[in-house]
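These notes concern the structure reproduced below.
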Amino acid sequence: MTKKSTDISAPYLKSLYFLFFIGMGSSAPFASIFLKRVLVNEHGAPAIELMGIIYTILPFIGIVASMASGLVADRFHLGRKIIAVNCIIAAISAIMIGQSAEPWTIAWTLQQRFVFLMILLLIFGFGVGPIHGLLDAETLHFLNSQNAREKYGTYRLWGTYGWFVSTIIMGALLTQFKNLGFIYYGAAFGCLLLGIGALFGMSAAHVPKMEKIPLGHLKANKQFQIFLVFIFIYGLIYNTTTNYLGYFFDDIMKSFWQIGLIFGTWTIFEIPVMLYSHKFMKKFGNRTLIISGMAFNAIRLVLFASFTMKTPYIYKFLIALLQGPAFALTHIGLIDYIDRAAHHKMRATYLSVATIAQNTLGAAAGGILGSEIIKDLGSAALLRLSGIAIFILIFFFVFLVKNEEMPV
């Protein structure tokens, strides 16, 4: 690859991560608060059972969307065009979702609001579901062509910047204007910008077209199949707590500004980990990074569970900072593990399969489970049990998930 293409592709890929997380940072951390306040019964209480149904059904749309996008991206190298189309779908549906929080919908019954949201959230999920995996695939294709796979974190870091900016701004907007629709209007804005950038920008993944995708390699990789069991269980725990964390924060924080500030600034220590990810990877390897990240996450959740409205905000703020290393270490470790296990001609497919196991099947399994725990024991108990479960899962990873690079 020429120096010119390298100079163009690196900023392009970083900008796509930034724009994608502008949209996700505006919506994802506040989504459970949106549902909690929009889906209320006749007594004004949150319809937690309906939230559980949404969080159980919604991820399944990602199975078709993620797998189809990954296979097509590998086969025809159409990643950026797929991203653009998905962004348009996501933006339109996000605008409509935001309308369910507007005054003109106040006369709707709980059932009408639920059906309206369920349909649109499925469409939104179909749009955004594959995007992160496609961005990772584009980036890894580019970095592998430069023999610089370990620098993935320096690209993904730009997603952290987008998240930092959007969550804090959204918290301020919600505090000032009290309009929950802004949560999904912000998502639509980010998706539209990303779609424009993906459509007209330069694609970095110069991968030859293949006559046949070697799916037999995936079936033969037994160690990767064990890894998929692990990533499914971790995805169940991680996505369940992530989905309902805003719900919990709504109970222990005094304003949207406090919530947005925590969601934004907890990325502070993610930045140095991502920025120097190649050095961490070379020194410690993906296994140590994954184990360390999981341990940070477990500690964070257990400590969060002890907080109440009366707990000083500074304690909540400081413990939230553990999210940075928790996410960054785990994420870059998992990405490196998957990329090493993948056949060199189907890295997007391997990423898509892992994404389905973690963020689709895992998230779906935790939807009803999380709502039932909250219903019976409260949101704090959900976080406490999840933290304990992650500690147990670390032993599963240490003793059963082994390193193995796939032959080409």
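Counting the residues of region 233-286 that are surrounded by fewer than 17 Cβ atoms within 10 Å (Cβ to Cβ), within 30 Å of ASN144 (Cα to Cα) and of a type in the set (D, E, K, R) gives 3. Considering only residues that are surrounded by 19 or more Cβ atoms within 10 Å (Cβ to Cβ) and of a type in the set (Gly, Ala, Ser), which ones fall in region 155-180? GLY159, GLY162, SER166, GLY171 - these are the residues of region 155-180 that are surrounded by 19 or more Cβ atoms within 10 Å (Cβ to Cβ) and of a type in the set (Gly, Ala, Ser). Consider region 309-357 and keep the residues that are without any contact (Cβ under 8 Å) to a residue 12 or more places away in the chain and over 22 Å from ILE390 (Cβ atoms). The one that is nearest to the chain's Cα centre (by Cα) is ILE314. Screening ALA320 on (1) under 20 Å from PHE397 (Cα atoms); (2) crowded, with 20+ Cβ neighbours inside 10 Å shows it passes everything except condition (1).
Within region 165-191, the set of residues being modelled with pLDDT under 95 and assigned to a helix (DSSP H, G or I) comprises just one member, PHE177.
Applying the condition of being within 22 Å of THR355 (Cβ to Cβ) and β-branched (Val, Ile, Thr) to region 110-129 and asking which residue is surrounded by the fewest Cβ atoms within 10 Å (Cβ to Cβ) yields ILE123.
Would you mind telling me which numbered condition in (1) in a helix (DSSP H, G or I); (2) in contact (Cβ under 8 Å) with a residue 40 or more places away in the chain SER306 fails? Exception for SER306: condition (1).
Considering only region 100-115, I want to know if a residue exists there that is over 25 Å from ILE290 (Cβ atoms), charged (D, E, K, R), in a loop (DSSP other than H, G, I, E, B) and touching a residue at least 12 places away in the same chain (Cβ under 8 Å). Within region 100-115, one or more residues are over 25 Å from ILE290 (Cβ atoms), charged (D, E, K, R), in a loop (DSSP other than H, G, I, E, B) and touching a residue at least 12 places away in the same chain (Cβ under 8 Å).
Selection of region 378-392 for residues being touching a residue at least 24 places away in the same chain (Cβ under 8 Å) and surrounded by fewer than 17 Cβ atoms within 10 Å (Cβ to Cβ) yields ALA381, ILE388, PHE391. Criterion first (modelled with pLDDT of 95 or more and touching a strand residue (DSSP E or B) at 6+ places or on another chain (Cβ under 9 Å)) does TYR247 satisfy it? Considered against the rule, which asks whether it is modelled with pLDDT of 95 or more and touching a strand residue (DSSP E or B) at 6+ places or on another chain (Cβ under 9 Å), TYR247 comes out as yes. Against the test of being more than 23 Å from THR139 (Cβ to Cβ), buried (at least 23 other Cβ atoms within 10 Å of the Cβ), at pLDDT 80 or above and not aromatic (Phe, Trp, Tyr), the options ALA45, ALA90, ALA94, ALA101 yield a single qualifying residue, ALA94.
For region 266-286, the condition holds for at least one residue, the condition being that it is closer than 19 Å to PHE396 by Cα, assigned to a helix (DSSP H, G or I) and of a type in the set (S, T, N, Q).
Taken as a whole, region 287-303 holds no residue that is modelled with pLDDT of 95 or more, surrounded by 21 or more Cβ atoms within 10 Å (Cβ to Cβ), over 18 Å from SER166 (Cα atoms) and among the hydroxyl-bearing types (Ser, Thr, Tyr).
The values are calculated or read from the model by the stated rules, or taken from the named source; none is laboratory data. Computed from a prediction, not measured in an experiment: that's the story for all the values here. Virtual Cβ from ideal backbone geometry, glycine too; neighbours counted across all protein chains shown.
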